[in-house]
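Presented below is the structure to which this report refers.
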There are 2 protein chains.
Amino acid sequence: MDTPDIQQIVQSLEGRNAPSSVAEVHPADIAAALLDLDVGARRLILALLSDAKAAQVLSEADDRTQEELLELLDLPRLTRLVIEMDPDDAVDLLENLPEQTRGAVMGHLDEETRRDVDMLGGYEPESAGGIMTSEVVAVGSNETVGSAMTKLASAEQPEVMGEAFVLDPAGTLVGFVDLKSLLNAQPEDPVATVMDPDVVSIEASADQEEAARLVDRYNLPSLPVVDPAGRLKGVITADDIIDVLAEEASEDMLRLAGTGVVHPTSERILVRLRARAPWLSVTLAGTFLAGMLIEYVEATWFDGGSSGGSNGANEDFKALLYFIPLVGGMAGNVGSQSSTIMVRGFATGEVDPKRPMRVLPGEIIIALFIGLLAGVLAGLAAMVWHEDRAWIGLVVGTALPCAILVAAFAGTLVPFACNLVKVDPAYASGPFLLTLNDIAAYLIYFAVALGLMRALGVG
Amino acid sequence: MDTPDIQQIVQSLEGRNAPSSVAEVHPADIAAALLDLDVGARRLILALLSDAKAAQVLSEADDRTQEELLELLDLPRLTRLVIEMDPDDAVDLLENLPEQTRGAVMGHLDEETRRDVDMLGGYEPESAGGIMTSEVVAVGSNETVGSAMTKLASAEQPEVMGEAFVLDPAGTLVGFVDLKSLLNAQPEDPVATVMDPDVVSIEASADQEEAARLVDRYNLPSLPVVDPAGRLKGVITADDIIDVLAEEASEDMLRLAGTGVVHPTSERILVRLRARAPWLSVTLAGTFLAGMLIEYVEATWFDGGSSGGSNGANEDFKALLYFIPLVGGMAGNVGSQSSTIMVRGFATGEVDPKRPMRVLPGEIIIALFIGLLAGVLAGLAAMVWHEDRAWIGLVVGTALPCAILVAAFAGTLVPFACNLVKVDPAYASGPFLLTLNDIAAYLIYFAVALGLMRALGVG
């Protein structure tokens, strides 16, 4: 690579925080900038960074970018970076490595790092133990204030600033001391006399949501994590909780819209498709069933004058109506998925409200897949159901992908348009968009029906 | 009040955190316990608490409980509590007071508190200035490390522990120092030589979401807030951000389900009804329009053999079908509102997953109101639309409230049932519940239609 490329990379980095060189850019900003760069540029940036900085950048990168970056590193540097990382981030990174590489890296780690990684890696990822860091300042209850101060002063990466946890000789958590109490005591005072024994803690096996609730409820700057015997194992900080709460909110919001958690800018199409398709099949089956139910009602109680073939248009129309719940439901559901993914993406910062073209193509491809699959399934089922009116399968199979495509289009772009005119995209993406997609779906359905019926000479 | 009542109150408090007396219970737990107590018990608890503790309890209480507690306090105590509170909490509390009382309290505040309250109250509630606290440890850049330590040691309520912000003589934020740098420096060193000049700050007028994004992205324990000239005004801590993120997630999630932010356990029915009704009217109008569209298609292209009155049952059936989008859409929407409110309530801790009866009655009353209102509106509109088949208005007007009621019932209870069997309520409350409510709504609709048609002798 030659000089102009370096210029371009530094420019792309500078745009984010106006620093004078790559080394001065915040690791989170470098990680975000790497998203847009190609392999060559990424390799160059990694080479420019110190091990400490590169370790931070890796920690800040999303899973997919991290995996891609890992492929650019040789084993010696990878090992150095893992040693530089916070142990909790190192565990996450090691999980992203192929098993063989992981083993090789583990073999080169120093004793302390390996022990930390083994311990942290043993917890469920969504437990308190899984999100804690093992780097915590702990002092014995019979140590002095002066000694506690010295420990705080020499702590390598104090994630919890100005706070130390107090342990009894068995390693059991018995209290905490904050900076203020330490500064106001005499250096020779025992820590036990100045500590606060009312310390809220959580067991390592508890769910991360429980940890979030404790931190939120008691406004804790940090939450110590203990084993069943009460021995201190690590600490969870408020910024870990911010991540947990964001993750849980994403999960709830997206699941309510009938999709797993998807990352529209950093995840492969196939992964996103798999997260969305299963719940759509619930809608597909349910609304098909609803149509059959409506026909059953008609056949049982309203089958007044349709005997004989005299009233074909009427019968055709009724048969078409049985697919109204299906067409409206599927279009509505796909549209809700897209709009919810956008609204959540704006909130987490994953989707840039100024760059719709970064997500639209993916949403359209997914909608196309879903539409074609649903169209074929529903179309065939419609042919079986209405065997004397097989053309209806063709109508459903053609109209469904079109309606789904339009709904995904609207579901993706309406939130962006709302941002542009300063309307809350969540408001507009709710019932308003759903109703709009419903009506659009019916229009498309009948237009396709009339067109195809004319073309096929039926009805 | 006599002794048994005190016993009962203390017991009800003890159940939450096993403390030995009210004074030792965490303010957040007392605030939660007060939710369930009557006026007499609340008055007693408030009397038992020190001013400092009572101030914390008031700060932790939700808006409605706070309003109710404020009515139990006389002016002198109220003033003392406001002075004890963090200035940002005091501002929120003052906004909950009737204007006259607010004026009286403000008149009794000391100069410093009044200045803080005036300053903080001047910012938009959802801006960085609106969520910051003015209590921040600031040191001059030409002060010494020893002097900074003394300031940190004597800070009254250091929300940001172990961190001080550094200002130049004009009051402009130029850096920050953390405990570690201070402890590792000599007391006589100037602060300017040990501070970190790379300090991320935000302007007071910026949106709170922007503050949340900065804290989240850079994992900041605190974010200093400045005026347009860069002068330090206050600080936002990670726990403020946790509240902001929770609030924003609630807003997005509930708005996507077509409701404003509602608090099902702490808000009056009428307030919740007002948050939910407007968006339902969008669904009502939209699905009514969809029905008219379908009829237009029929009348224009399929009106084959329905001339004359020979085929009444058929025409009746088709007329009924035009309301399928409306009945399904309304039931689905009300059900989504209820289930989303429950799922979000579980996540924020507002709704206790073990106590469905605490929210079910409210949801049912709201659904009843909405159902009757929608039923009357849609019923009358249906009568006008189908003037030759006025009974259809009666069918729609009867079936709609029933379907909405069943949907609210399912929307409220399915999430609780999921918790019971350890299924994620968000999963089950999405497309699954929507489809179920759709089918239930159709069944109810046709059952009402057949019943009423028989009773009225029509069709």
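Please treat every number below as a calculation from the coordinates, not as lab data. What you see is a predicted model; the values in this text were computed from it and never measured. Note that each Cβ is placed from the backbone with ideal geometry, even for glycine, and that neighbours are counted across all protein chains shown.
Things to note:
- Residues B:427, A:218, A:445, B:442 arranged by fewest to most Cβ contacts within 10 Å: A:218, B:427, B:442, A:445
- The modelled label-to-label distance for the pair residue A:368/residue A:108, using points 7 Å beyond Cα in the direction of Cβ, is 4.3 nm.
- Bridgeable lysines around residue A:318 (alpha carbons under 26 Å apart, same-chain partners fewer than 8 residues away excluded): B:318.
- Distances between copies at residue A:51, taken between label points 7 Å from Cα along the C-beta direction, are 5.8 nm in increasing order.
- For the residues of A:255-263, the average number of beta carbons from a partner chain within 10 Å of their own beta carbon is 5.
- Expected-Rg normalisation [2.2 N^0.38 Å, Cα atoms] applied to the protein assembly as shown: 1.07
- Residues A:402, B:418, ranked from the fewest to the most other C-beta atoms within 10 Å, line up as A:402, B:418.
- When DSSP beta bridges are restricted to pairs lying wholly in the protein assembly as shown, around 75% turn out antiparallel.
- Per residue of chain B, the DSSP helices (runs of n ≥ 4 H) give a summed -39500 (n - 2.57) that works out to -20500 deg cm²/dmol at 222 nm.
- Relative contact order, percent, chain B [alpha-carbon distance under 8 Å, six or more residues apart]: 9 percent
- Phi to ³J(HN,Hα) by Karplus 6.51 cos²θ - 1.76 cosθ + 1.60 over segment A:61-76, Hz, x for Gly, Pro: 6, 6, 3, 5, 4, 4, 4, 5, 5, 4, 5, 8, 9, 7, 4, x
- Proximity of backbone amide H atoms, modeled 1.01 Å from N, is registered between residue A:175 and A:166 at under 5 Å, excluding neighbours fewer than 5 places apart on the same chain.
- Applied to segment B:405-419, the Karplus parametrisation 6.51 cos²θ - 1.76 cosθ + 1.60 on θ = phi - 60° returns per-residue 3J(HN,Hα) values of 4, 4, 5, 5, 4, 5, x, 7, 8, 4, x, 5, 4, 4, 4 Hz, with x for Gly and Pro.
- Backbone amide hydrogens, once placed in the peptide plane, bring residue A:140 within less than 5 Å of A:167, excluding anything fewer than 5 places away on its chain.
- Entries in A:151/A:233; A:354/A:422; A:151/B:180; A:180/B:151; B:151/B:233; B:53/B:233 that, when Cα-Cα distance is taken, lie over 20 Å: B:53/B:233
- For chain B, diffusion coefficient by Stokes-Einstein and Kirkwood Rh (Cα), 10 °C, 1.306 mPa s, µm²/s: 60 µm²/s
- Exposure proxy shown here: for B:105, B:261, the number of other Cβ atoms within 10 Å sets the order, fewest to most, as B:261, B:105.
- For the segment A:314-323, counting C-beta atoms of other chains within 10 Å of every residue's C-beta and taking the mean gives 5.
- ³J(HN,Hα), Karplus 6.51/-1.76/1.60, whole Hz, each residue of segment A:382-388, x for Gly, Pro: 5, 5, 5, 5, 9, 5, 7
- Taking label positions 7 Å along the Cα-Cβ direction at both residue B:231 and residue B:142, the computed distance is 1.8 nm, reported to one decimal.
- Copy B relates to copy A by a rotation, and the B residue whose beta-carbon is nearest that axis, with the distance in whole angstrom, is B:162, 1.
- When residue A:171 is represented by a point 7 angstrom out along its Cα-to-C-beta vector, the spacings to that point in the other copies are 5.2 nm, nearest first.
- Each copy carries residue B:451; placing its label point 7 Å along the C-beta direction from Cα gives inter-copy distances of 4.4 nm, listed from smallest up.
- For residue B:322, residues with placed amide H under 5 Å, excluding near neighbours: none
- Approximate shape of segment B:257-456 as ellipsoid semi-axes (Cα gyration tensor, √5λ), whole Å, largest first: 35, 16, 14
- Each Lys and Arg Cβ is given +1 and each Asp and Glu Cβ -1; about its Cα centre, the protein assembly as shown then shows a dipole of about 3940 debye.
- Shape of segment A:356-459, Cα gyration tensor, a/c cut at 1.5: prolate
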